[in-house]
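Throughout, read-outs are computed from the coordinates displayed, never taken from laboratory work. What you see is a predicted model, and the numbers here were worked out from it, not measured in a lab. Cβ coordinates were reconstructed from backbone atoms using ideal geometry, including for glycine residues, and neighbour counts include every protein chain displayed.
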2 protein chains.
Amino acid sequence: MSDIEFYFDFASPYGFIAAMQIEAIGRAVRWHPFLLGAVYKAVGQSPLQHPLKRAYVIDVDAPRMARRLGLDLKVPAGFPEHALPPSRAFYWINRQDPAKAILFAKTAYRRYWLQGCPTSDAEVAVDAAASIGYHDDAVREGMQTAETKDELVFENQEAIRRGVFGSPFFIRDGEPFWGSDRMSLLLDTPAQDT
Amino acid sequence: MSDIEFYFDFASPYGFIAAMQIEAIGRAVRWHPFLLGAVYKAVGQSPLQHPLKRAYVIDVDAPRMARRLGLDLKVPAGFPEHALPPSRAFYWINRQDPAKAILFAKTAYRRYWLQGCPTSDAEVAVDAAASIGYHDDAVREGMQTAETKDELVFENQEAIRRGVFGSPFFIRDGEPFWGSDRMSLLLDTPAQDT
């Protein structure tokens, strides 16, 4: 069985909901934070541009789905804003310790979607990394290296190349799954080619 | 317990999937076919305008969800086209016999999404109605009366007024649910106001 590729944007409520559950499915998962804005820029559409849909997702459905996990959703201040800082911090940590990068992703996600911290604020990402043992200044520097920046650009391009168009988005054995409500299907046997 | 309002467009694959299951939830349901195009026109967006999303829905996800119900999805010829004829036929039948209207909706849906018949072809709707006992000419005439046409226009306006922006869309005790993947939540206790 191949690993499940898990694409998510830190500014995505359903990405948060997926991140809180993905480890429970008991299969190896590769975490890929990316910028949904970069993908939408490439295809000429913006997420949640429909006002009714946005109100439904943010005010009704995402909080409802979070409640089912016992979580009290809080929308990040300034939402929707980009999530560049935690995405970069993730890849900087990931090069040193992939397990820690996942711990960082979950920690940062909780700051955004349970505490309502702004996704675009670099200090929130720095603080989340500090809380799992990284030194503030090392994180600040690490987020700004060309290597880190390039890795996120590469991951955004990979997401586009693989046909990712939303968050969360999963790829298992070449089969795409969009949305936290498709996670239960990840354990099904792969679809037959018919 | 109030009835569940069930809004669906005959040209919607997830509307089809919902229609095949909605009676199993064991609560009274009011069926409201409507034209998603009329709603999108009112808010300035078109459904599935994102090419990747459309390919995912039509080629991957909707067939996959249908397979879980033991159904082999076939996309209607000419998709996406409007579904004016079955929507009008539904309301014409509904004034005479609401139970028959539901039977008609399921029959027509199977023609579109299991046999691939075009949703915009009036004769497909006429034939679906004939298969449950209506005379061809009576259906053709009934679909063209001012009363029938006005009722569909009214239902489209009601959908807009109620904040419906997709298909299928459910309203239960004032709470909105968008998508066939939210049907399992319809039996939960209503959300608390917090």
Tail fraction, Cα-Cα pairs, chain A, threshold 25 Å, whole percent: 33 percent
To one decimal in nm, how far is B:GLN115 from the same spot in the other copies, if labels go 7 Å from Cα toward Cβ? Please give the shortest first. 6.0
Work out the length of the dipole vector of the protein assembly as shown about its Cα centre, built from +1 on the beta-carbon of each Lys and Arg and -1 on the beta-carbon of each Asp and Glu, and round it to the nearest 20 debye. 180 debye
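Nearest 20 debye, what's the magnitude of the dipole of chain B about its Cα centre given +1 on Lys and Arg Cβ and -1 on Asp and Glu Cβ?
460 debye
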Over the Cα atoms of the protein assembly as shown, each weighted equally, I'd like the Debye log10 I(q)/I(0) at q = 0.09, 0.11 Å⁻¹, rounded to two decimals. -0.58, -0.82
In nm, what is the difference between 0.36 nm times the number of residues separating A:VAL43 and A:ASP173 and their Cα-Cα distance? 44.3 nm
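Going by the alpha-carbon gyration tensor, a ≥ b ≥ c the square roots of its eigenvalues, is the range A:13-78 rounded (a/c under 1.5) or, if a/c is not under 1.5, prolate (a/b greater than b/c) versus oblate? List each step's numbers first, then the result.
Working: a/c = 2.44, a/b = 1.16, b/c = 2.11.
Oblate shape, in that a/c is at least 1.5 and b/c is the bigger or equal ratio.
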Count the net charge of all other residues whose Cβ sits under 11 Å from the Cβ of A:GLY116, scoring Lys and Arg as +1 and Asp and Glu as -1. +2
With θ taken as phi - 60° and the coefficients 6.51, -1.76 and 1.60, list the Karplus ³J(HN,Hα) couplings across the range B:167-180 in order, rounded to whole Hz; mark glycine and proline as x. 9, x, 9, 10, 10, 10, 6, x, 9, x, 9, 10, x, 5
Quick shape check on the range B:115-159: root eigenvalues a ≥ b ≥ c of the Cα gyration tensor, a/c under 1.5 is rounded, otherwise prolate if a/b tops b/c, else oblate, and it reads oblate
Between the modelled labels at A:ASP137 and B:HIS82 (7 Å from Cα along Cα→Cβ) the distance in nm is 6.8 nm
How about A:LYS41: which aspartates and glutamates have a C-alpha closer than 19 Å to its C-alpha, ignoring those fewer than 8 places off in the same chain? A:ASP9, A:GLU81, A:ASP150, A:GLU151, A:GLU155, A:GLU158
Label-to-label distance, nm, for residues given as B:ARG68 and B:ARG27 (7 Å Cα→Cβ offset): 1.9 nm
Restricting to the protein assembly as shown, compute how many DSSP beta bridges are antiparallel as a %, nearest 5. 60 percent
Give me the extension gain from B:VAL75 to B:ARG54: residue separation times 0.36 nm, minus the current Cα-Cα distance, reported in nm with one decimal. 6.3 nm
